[in-house]
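*Asks:* Have a look at this one.
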Amino acid sequence: MTLLNRKNAFIVTQSIKKLKADERTWALNKCDFKNLYDDTNTDISNLPYDDKGIYYKEIPYTPRELHQRLIVVYSPKYARYQKTIREKQIERAKCMLSDGTAKRTSKNPNDPRRFIKKIAVTNDGEIANIHDLLDNEKIENEALYDGLYAVSTDLLDDEVSDIIHVSEGRWEIEECFRIMKTDFEARPVFLQKEIRIKAHFLTCFLALILYRCIEQKMNKRYTCTEILGTIRNMNFATVQEQGYIPLYKRTAITDELHHIFGFSTDFQFITKREMRNIQKKSKGR
């Protein structure tokens, strides 16, 4: 049953990329925004780098004969976050090009390989050679949407600030679902027994809670991929039943994890007794 048939009020995400051409052009135009707090007209291209405001603009929106408002929101803080994430992904894409791992496939929409394109080069009509290159056009196109998101709503008389507040809470929920599906592989479920299916989702949910706690303790300075990748690579080798040798490389993230949780495992050699003490300390926290 649709929202229209049920006559429910709604606030839903509207993909800017999927808007009609004229509406998309309007949304991406950096002029005619208003400051959420005092409604002053603002050209968001002239904002200082460290601006922390929220800006919006809106137009009537009537798809399928349903009167709505289309609200486009711009957050400089969110734009900086997206730019930082993309720059790190571009660096990873460059590494993939240099070490030859760019040919692997991935279904993750945030995978750095999306910035790699293939071109076919022929010499005098001979069989084409396939080359992987950095897709600068895709990078520039993605940057156009930094800090921007849109919502549509049939709440025609409500304050924009109230609508944006509700929408921001939804973004956090959607991100949790994305992390559960892509990073913790909650779906698809390759199980049949109900008890095992429940155990699978419970494990994924607990992993999400632990990740969020770590993310908060690290003040959200690192991406989900960086944190989880670091933790998953913190492996050890057993040395003749005497102790352990760390196999991971020390980084800023491992240093911060050690500092936050009060233990250190990047020594040259860790005895079994020392490892048991670390485990006890971790359980105590």
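*Asks:* Which residues' amide hydrogens lie under 5 Å from the amide hydrogen of L70, considering only partners 5 or more residues apart or on another chain, with H built in the peptide plane?
*Replies:* Counting only residues 5 or more places away or on other chains, the set is I59, Y61.
*Asks:* Enter the per residue convex hull volume of the chain, computed from alpha-carbon coordinates, in Å³ rounded to the nearest integer.
*Replies:* Each residue corresponds to 256 Å³ of Cα convex hull volume.
*Asks:* Moving on to the next point. Probe radius 1.4 Å, ligands and nucleic acids left out: which of K18, K57 has the largest accessible area, and how do the rest follow?
*Replies:* Heavy-atom accessible area, descending, gives K18, K57.
*Asks:* On a full-extension model of 0.36 nm per residue, what is the gain between N219 and I90, subtracting their alpha-carbon distance, rounded to one decimal in nm?
*Replies:* Gain on extension, N219 to I90, equals 44.1 nm.
*Asks:* I'd like the trypsin sites (Lys or Arg not before Pro) in segment 156-206 restricted to DSSP loop residues with at most 12 other Cβ atoms within 10 Å, sorted by number.
*Replies:* Filter output for segment 156-206: K193.
*Asks:* On to the next question. Can you compute 3J(HN,Hα) from phi for each residue in segment 265-277, using the Karplus curve 6.51 cos²θ - 1.76 cosθ + 1.60 with θ = phi - 60°, rounded to whole Hz and x for Gly and Pro?
*Replies:* My calculation for segment 265-277 gives 10, 9, 6, 5, 8, 10, 6, 4, 5, 4, 5, 5, 5 Hz in order.
*Asks:* Suppose only helical runs count, i.e. DSSP H with n ≥ 4. What mean residue ellipticity at 222 nm does that imply for the chain under -39500 (n - 2.57) per run, divided by all residues and rounded to the nearest 500 deg cm²/dmol?
*Replies:* -14000 deg cm²/dmol
*Asks:* Hey, another quick one. Could you work out the relative contact order of the chain? I mean the mean sequence separation of Cα pairs under 8 Å and 6+ apart, divided by the number of residues, in percent.
*Replies:* Once divided by the residue count of the chain, the mean separation gives 14 percent.
*Asks:* Read phi for every residue in segment 64-77 and hand back ³J(HN,Hα) as whole Hz from Karplus 6.51 cos²θ - 1.76 cosθ + 1.60, θ = phi - 60°, with x for Gly and Pro.
*Replies:* 6, 6, 10, 5, 9, 10, 9, 10, 9, 10, 10, 10, x, 5
*Asks:* Further question: In nm, give the distance between the simple-model label positions of F269 and E159, each being 7 Å from the Cα along the Cα-to-Cβ direction.
*Replies:* Once both label points are built, they end up 6.6 nm from each other.
*Asks:* If you don't mind, there's one more thing I want to ask. Segment 193-241: percent of C-alpha pairs farther apart than 18 Å?
*Replies:* Value for segment 193-241: 51 percent of Cα pairs lie more than 18 Å apart.
*Asks:* Moving on to the next point. Whenever you get a sec, line up H258, H200, H131, H165 from highest to lowest accessible area (probe 1.4 Å, protein heavy atoms).
*Replies:* Result of the area sort, largest leading: H165, H131, H200, H258.
*Asks:* Mind checking Rg over Rh on segment 15-102, alpha carbons, Kirkwood formula for Rh?
*Replies:* Checking Rg against Rh, the ratio lands at 1.12.
*Asks:* Looking at I163, P63, F177, which one has the Cα that reaches farthest to the positive end of the dipole of the chain (charges on Cβ: Lys, Arg +1; Asp, Glu -1)?
*Replies:* Toward the positive end, the furthest listed residue is F177.
The values are calculated or read from the model by the stated rules, or taken from the named source; none is laboratory data. Because the structure is predicted, anything quoted here is derived from the model rather than measured. Cβ sites come from the backbone with ideal geometry, for glycine too, and all protein chains shown count toward neighbours. Protein only, heavy atoms only, side chains kept; ligands, DNA and RNA dropped before computing areas. Shrake-Rupley method; radii C 1.70, N 1.55, O 1.52, S 1.80 Å.
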